[in-house]
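Here is the structure we will look at.
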Amino acid sequence: MPARRVASPDPEPRRPISDPLAIRALAHPTRLTLLEILLGEGHATATRCAELSGHSVASCSFHLRTLARHGFIEAVPAPGRAKPWRLTSMRQELRRDPSDPESAAASSAFDEFFLGHEFARLRAWWTGPAQQAAEAEWRDASVLSGGTGWLTLAELRELSDELGGLVERFFLSRDNATTQRPDGSRPVRLFLGSSVGLFPGEPG
């Protein structure tokens, strides 16, 4: 799949993931939720994840082990019976291997799942009660935008790099654990995507 990053404490990017089993492991809403919880908490046990997600401890434990098996998270050494988990990287770059039909199929399936997952979150904010209940300044600072332009390949790469730099600055370069959040901050979800050749009359 085109470079896709699911945020997680390591400032270095991971090797792009093309293993179809690892890609499919992320195509589950509970697992994406658990990754976000670990990003925000720094580390958390299955019990803590259950408290924050609304899922059962058994379900969280199963999905955490699945994520660990594919290297997305790891156990944190801790005394006693508690078993906290943490992310292994701030970045998860998934990239299809065109020479591997299974990788390509898994990437396409993840793309469909991820787009639906993200669009549902955007729709819930822009059309649901949370946005109406938010303070006016937070509503005004939120953005919903789209545009079409004719770009060269070099320009598209430049645009992607500049947007990636902003994501790096505000999202990936920070430790989002509770003790490191800027004063007055709130969780903000950002979704970026581009498409090529989908203008009316253009081949898609």
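The condition of being under 19 Å from T33 (Cα atoms) and of a type outside the set (D, E, K, R) holds for Q92.
Any idea which of L156, L144, L190, L151 is closer than 27 Å to S89 by Cα, in contact with a helix residue (DSSP H, G or I) (Cβ under 8 Å, 6 or more places away or on another chain), at pLDDT 85 or above and of a type in the set (A, V, I, L, M)?
Testing whether each residue is closer than 27 Å to S89 by Cα, in contact with a helix residue (DSSP H, G or I) (Cβ under 8 Å, 6 or more places away or on another chain), at pLDDT 85 or above and of a type in the set (A, V, I, L, M) leaves just L190.
Annotation note: Cβ proximity below 7 Å between a residue of the stretch 128-152 that is surrounded by 10 or more Cβ atoms within 10 Å (Cβ to Cβ) and a residue that is at pLDDT below 90 and in a loop (DSSP other than H, G, I, E, B) (sequence gap 6+ or interchain) occurs for T148/F199.
Here's the yes/no breakdown for (1) in contact with a Gly (Cβ under 7 Å, 6 or more places away or on another chain); (2) of a type in the set (G, A, S); (3) under 24 Å from V196 (Cα atoms):
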| residue | (1), (2), (3) |
| --- | --- |
| M90 | no, no, no |
| S103 | no, yes, yes |
| S108 | no, yes, yes |
| W150 | no, no, yes |
| R157 | no, no, yes |
| G164 | no, yes, yes |
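The residues listed here are A50, A104; of these, the one that is more than 15 Å from the chain's Cα centre (by Cα), of a type in the set (G, A, S) and modelled with pLDDT under 95 is A104. Of the candidates A109, A25, the single residue that is closer than 25 Å to G164 by Cβ and either under 14 Å from the mean Cα position of the chain (by Cα) or among the aromatic types (F, W, Y) (or both) is A25. Scanning the stretch 56-95 for residues that are of a type outside the set (A, V, I, L, M, F, W, C), under 12 Å from D19 (Cα atoms) and either over 17 Å from the mean Cα position of the chain (by Cα) or not in a loop (DSSP other than H, G, I, E, B) (or both) yields a single hit, E93.
Just to be sure, is P98 at pLDDT below 90, of a type outside the set (G, A, S), farther than 26 Å from S195 by Cα and exposed (fewer than 15 other Cβ atoms within 10 Å of the Cβ)?
So P98 does not fit the description; no.
The values are calculated or read from the model by the stated rules, or taken from the named source; none is laboratory data. Worth saying up front: this structure is predicted, and the values here are computed from it rather than measured. Because the Cβ atoms are built from the backbone with ideal geometry, glycine has one as well, and the counts that use them run over all protein chains shown.
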